[in-house]
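The values are calculated or read from the model by the stated rules, or taken from the named source; none is laboratory data. Predicted, not measured: the structure shown is a model, and the values here were computed from it. Cβ sites come from the backbone with ideal geometry, for glycine too, and all protein chains shown count toward neighbours.
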Amino acid sequence: MTTSPPVTAPPRRYGHFIGGQWVDGREEIDRAAPATGEVVSTVAAGEASDVDAAVAAARRAFDDGPWPRMTGFERAALLHRVAELIDAHADLFARLDAEEGGKPVRLSRGDVAGAAQLTRYAAGLAVQMHGSTYTNNGPDFTGLVLREPSGVAGLITPWNFPVLILCQKLPFALAAGCTVVVKPSEMTSSSTLELARLYAEAGLPEGALNVVTGDGRAGQALAEHHGVDVLSFTGSTATGRRILEASTGNLKKLSLELGGKAANIVFADADLEDAAEGVVFGGFFNNGECCVAQSRLLVQADVADAFLAEVAARAEKLRVGQPLDEATDVGALIHDRHLETVLGRVEEARRQGGEVVTGGGRSPEASLAAGQFLQPTILDRVTPDMSAFTEEIFAPVLTVSRFETVEDAVALANAVDYGLSNSVWSKDIDKALPVAKALRSGTVYVNTTIDAPPTMPFGGYKMSGVGREMGQAGFEEFTEVKSVNIRTGKRAGTFGIGAAHPTVA
Ligand code: TXE
């Protein structure tokens with residue numbers, strides 16, 4: 001069964017994309033827009049058999065197809081064509097992710113520009129893919145270290161940056177010569193399916209990119225699959241742990257980008273106006289539904305009251321509104337259960353001694369009553385023993401804690417199980433750089449925040465994950481290295497027991 005070519009105006013209906021064909025599922029999943037409650041898309045509910053078919057198509061494309069055998073320049077040319085197509089369809093992608101994910105369309109447009117930029121950067125890596133040569137293994141030996149594609153890559157993506165996070169993985173895997181099966185979030189699948197359509201239009205060989213939609217069951221089947229060689233996941237730490245367990249059957253290579261609980265550390269000697277702007281951006285960007293959300297403000301005590309007043313004044317000016325409205329700063333949270341959980345966490349913090357400085361409840365706007373809208377919320381007097389300090393809330397909720405010394409600031413920032421990112425604000429580089437080095441996180445921003453060029457590797461320390469995305473390190477996650485040691489000439493006694501020769505123990 002095949003679903004006719006995808007339509008882009010709601011309600012949309014998609015099948016899986018397997019081996020270059022659109023394939024209906026036995027059951028379907030409806031997605032209601034979190035801002036209105038109206039169903040905007042319907043996707044196939046993938047089962048293990050769909051995942052089997054997609055992995056088989058990717059396997060054939062890897063073992064026998066042209067994609068892994070093309071030159072780097074040929075793969076790069078296709079990725080450049082896709083980047084052009086992404087730019088040409090920017091409005092479509094921005095709309096799909098805003099509509100299904102509830103994020104402000106203005107930010108969604110930034111994600112699409114980022115997706116095109118990532119694809120162009122990955123095209124460069126396809127050209128640059130290379131190994132190394134060892135000429136010091138002995139006079140008769142030459143050591144080649146070959147860099148090869150890992151094989152079939154499984155990509156499982158979340159709902160908060162559907163097209164952007166996909167492009168932190170997909171073009172890198174393809175640039176390396178892998179073939180791919182993607183399982184997008186069941187809540188925001190449309191942009192992934194539309195991107196697959198553009199890859200086909202650009203000329204990607206059949207089976208090199210397959211998309212199976214569905215919920216965690218489809219993701220679990222992909223994580224368990226023996227035909228998948230490398231798996232890259234972005235999502236919650238709890239699901240990351242499940243994926244790690246599911247992957248043990250064939251010990252597949254894993255890259256897990258998980259939750260975060262970042263701190264914005266503001267020292268008294270920072271440019272405080274600049275820092276206030278950064279703190280509001282870091283805390284409320286993308287509805288706070290962001291793994292690098294700088295959701296904890298740690299501020300030096302002597303400037304804390306004045307600084308907090310400035311941050312609160314700016315937060316109160318943020319416009320909560322419909323995701324598709326260009327003027328909206330904060331849109332709708334992903335679903336009703338999430339909003340309820342967030343409200344529960346705010347209430348818990350209040351009971352534990354936190355003070356609500358602003359917000360704290362659903363948006364009072366009558367025009368937003370049908371959706372999942374939370375007021376930007378600031379909680380002061382939050383201490384490390386409170387769950388609001390340690391747990392990822394994933395919403396426009398900023399906690400505030402005060403510190404006295406540099407050492408206190410570092411200790412507070414590091415006093416959580418996560419280690420994805422942190423920000424430091426100080427005009428004194430002699431202070432800011434040692435602090436950046438002392439922070440246990442994969443990324444540190446200094447006098448900036450949530451700012452990730454594709455050239456820089458991204459990933460977590462501690463429970464924020466394993467492996468890296470983007471940069472050269474992110475590309476290498478989709479590759480294997482093979483050592484080939486070549487002996488030339490023939491010298492008697494090379495293999496005699498006890499003879500000295502360069503080899504491994
Ligand atoms: O994430 P899940 P959810 C955090 C954030 C959020 C919480 C829950 O705190 O409130 O996670 O969100 C697929 N095997 N982040 O439940 O479950 C799922 O279908 C394989 C942080 O949406 O991690 C989707 O495609 N896959 C994060 C993807 O995993 C499974 C972004 C992510 O869903 C699976 C999103 C399973 N057993 C949420 N179960 C970030 N790091 O940015 C589900 N999935």
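Here are the numbers for this structure:
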| item | result |
| --- | --- |
| Only one of 430, 385, 408, 417 that is away from the ligand (no atom under 16 Å from the Cβ), farther than 23 Å from residue 305 by Cα and at pLDDT 95 or above | 430 |
| Output for region 345-404, where each listed residue is of a type in the set (Phe, Trp, Tyr) and within 29 Å of the chain's Cα centre (by Cα) | 373, 389, 394 |
| Total residues in region 193-214, condition more than 16 Å from the ligand (Cβ to nearest atom) and of a type in the set (A, V, I, L, M, F, W, C) | 6 |
| Residue 217 under 23 Å from residue 21 (Cα atoms), more than 7 Å from the ligand (Cβ to nearest atom), among the charged types (D, E, K, R) and assigned to a helix (DSSP H, G or I) | yes |
| Region 220-259 - residue that is more than 6 Å from the ligand (Cβ to nearest atom) and in a loop (DSSP other than H, G, I, E, B) and, of those, surrounded by the fewest Cβ atoms within 10 Å (Cβ to Cβ) | 251 |
| Residue in region 308-320 that is within 16 Å of the ligand (Cβ to nearest atom) and either in contact with a strand residue (DSSP E or B) (Cβ under 6 Å, 6 or more places away or on another chain) or closer than 18 Å to residue 35 by Cβ (or both) present | no |
| Contacts under 6 angstrom Cβ, first residue in region 28-39 being free of Cβ contacts under 8 Å to residues at least 12 places away in the same chain, partner outside any loop (DSSP other than H, G, I, E, B), 6 or more apart | 32/39 |
| Condition check for residue 204: among the aliphatic types (A, V, I, L, M), more than 19 Å from residue 24 (Cβ to Cβ) and assigned to a loop (DSSP other than H, G, I, E, B) | yes |
| Residue check, residue 423 more than 16 Å from the ligand (Cβ to nearest atom), under 27 Å from residue 319 (Cβ atoms) and either out of contact with any Cys (no Cβ under 9 Å at 6 or more places or on another chain) or among the charged types (D, E, K, R) (or both) | yes |
| Set 8, 42: member being in a strand (DSSP E or B), more than 30 Å from residue 128 (Cα to Cα) and under 26 Å from the mean Cα position of the chain (by Cα) | 42 |
| Counted residues, region 404-444 - those being assigned to a strand (DSSP E or B), farther than 15 Å from residue 270 by Cα and touching a residue at least 40 places away in the same chain (Cβ under 8 Å) | 5 |
| Residue within region 454-467 that is more than 18 Å from residue 233 (Cα to Cα) and touching a residue at least 60 places away in the same chain (Cβ under 8 Å) present | yes |
| Residue within region 165-180 that is over 24 Å from residue 67 (Cβ atoms), crowded, with 18+ Cβ neighbours inside 10 Å and among the hydroxyl-bearing types (Ser, Thr, Tyr) present | no |
| Complete set of residues in region 283-307 that are closer than 13 Å to residue 396 by Cβ and either of a type in the set (Lys, Arg) or within 12 Å of the ligand (Cβ to nearest atom) (or both) | 286, 287, 288, 289, 290, 293, 295 |
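Every residue, every condition in (1) out of contact with any Lys or Arg (no Cβ under 7 Å at 6 or more places or on another chain); (2) of a type outside the set (Ser, Thr, Tyr), yes or no:
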site	(1), (2)
190	no, no
208	yes, yes
237	yes, no
240	yes, yes
248	yes, no
253	yes, yes
